[in-house]
1. Per 0.36 nm of contour for each residue apart, how much would the distance between residue 41 and residue 384 grow if the chain were fully extended, relative to their Cα-Cα spacing?
2. Sorted from fewest to most neighbouring beta carbons within 10 Å, what does the list 278, 291, 273 look like?
3. Taking the square root of 5 times each eigenvalue of the Cα gyration tensor, what semi-axes in Å does the equivalent ellipsoid of segment 91-150 have, largest first?
4. For a Förster distance of 60 Å, can you work out the FRET efficiency between the beta-carbons of residue 89 and residue 14, rounded to the nearest 0.05?
5. Semi-axes, largest first, in whole Å: what does sqrt of 5 times each Cα gyration tensor eigenvalue give for the chain?
6. In whole Å, what is the distance between the alpha-carbon centres of segment 425-468 and segment 236-268?
7. Expressed as a rounded percentage, what relative contact order does the chain have, with Cα pairs under 8 Å and six or more residues apart?
8. To the nearest Å, what is the center-to-center distance of segment 308-362 and segment 173-205, using C-alpha atoms only?
């Protein structure tokens with residue numbers, strides 16, 4: 001037997017072994033099939049890609065390192081969260097009663113409490129978010145906690161840095177978490193300036209070799225600011241000058257939300273968990289970090305939902321499916337990346353065929369050719385079920401929002417894709433409030449004035465030349 005024959009046999013057995021591992025370790029069928037295709041059709045390199053990006057080497061480690069070790073403080077926090085939930089139940093808010101199954105699922109699966117009495121403000125685009133953020137930071141009295149996937153040292157980043165430095169001089173606690181991959185541009189000089197000024201800054205899940213790093217798969221995609229445990233910001237807007245929308249630049253359409261009241265507590269808890277993980281320190285769950293004011297700031301009920309690779313279940317995906325299932329009249333969805341997977345796509349199709357008006361707003365062109373092609377492969381099935389798909393023309397729509405029946409509004413960091421549902425650390429704000437939902441509904445209808453509605457018949461009649469690349473890209477949608 002020649003060495004070539006032996007090599008072929010060894011390679012064949014290795015490929016079989018890798019495929020068996022993919023089947024055994026991978027939870028979703030789409031992702032498993034995608035990795036098997038890569039391993040089979042891209043010799044050697046496909047195996048390297050799987051072992052670099054496909055295996056969840058860190059799931060157990062991530063989970064164990066994020067546990068808050070102060071059990072007594074954690075138990076006290078849970079008691080307060082339970083109390084807030086009980087208050088929300090007895091409020092008889094129609095939006096809560098209608099979505100009670102959804103709220104109960106999130107409470108039981110994700111320990112996500114309901115909190116009534118919140119003041120919620122929608123912040124449309126960076127030109128509305130950043131002035132509100134700068135004002136809130138300047139008014140901080142005790143502590144500032146910041147966490148971003150992308151934080152850049154530009155005009156707005158520099159303004160935030162200057163305020164943080166001043167606040168440290170005033171004696172405030174300032175903690176800063178940045179994703180080491182998404183915020184790679186600030187890893188050196190900018191972060192050094194922060195630490196030299198006395199700001200505690202740490203990367204989330206440090207990347208040592210970006211090109212072949214399994215850690216790239218498990219990014220902290222959350223965007224959060226928590227100030228004095230009383231005011232919080234979250235949503236799709238990163239800290240970058242591209243969101244300011246100056247004349248002559250590509251227009252970025254995005255949405256954030258500012259929350260004041262007890263709904264801030266769970267965002268604070270998430271920050272502390274992430275802080276304890278990435279800093280290696282244990283920040284104690286002290287009362288001063290949480291909103292204890294029982295007087296109502298507003299009348300909105302909020303439920304913060306978090307998910308990530310350390311979760312036992314894809315909570316955000318399940319919450320999305322349940323939201324779709326509970327809709328009776330209308331679903332308005334905005335997402336920059338629409339690669340929903342079979343479960344979410346089936347739920348949307350069933351809802352549409354049941355008489356629910358579904359409108360999906362997505363970018364005409366994504367910032368990734370492969371993502372754009374894979375997303376387009378899903379539109380035909382939606383259109384066949386009666387749903388409407390709109391391609392945004394004014395610029396790039398980056399918002400991640402959903403409005404159900406004009407009563408429930410969702411604003412968050414999670415895209416409607418596999419990466420957000422399974423791989424990244426994400427957070428969404430569920431807002432059970434008709435006023436906010438109606439406001440976000442109006443924003444959606446304003447946005448589709450700047451979009452092109454897909455004609456179902458013309459879309460279906462496109463040439464094989466147009467459709468084939470999309471169908472091929474879809475085969476790899478589990479990896480995107």
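Computed from the coordinates by the stated procedures, all read-outs in this text should not be read as laboratory data. All of these numbers come straight from a predicted model, not from anything done at the bench. We place every Cβ from the backbone using ideal geometry, glycine too, and count neighbours over all the protein chains shown.
1. The residue 41-residue 384 span can extend by a further 120.2 nm.
2. In increasing order of surrounding Cβ atoms, one gets 273, 278, 291.
3. Working: eigenvalues 181, 47, 36 Å².
Rounded to whole Å, the semi-axes are 30, 15, 13.
4. Working: r = 56 Å, r/R0 = 0.93.
Once rounded, the FRET efficiency stands at 0.60.
5. On the way: eigenvalues 249, 168, 102 Å².
Equivalent ellipsoid of the chain: 35, 29, 23 Å, largest first.
6. 19 Å
7. 18 percent
8. 35 Å
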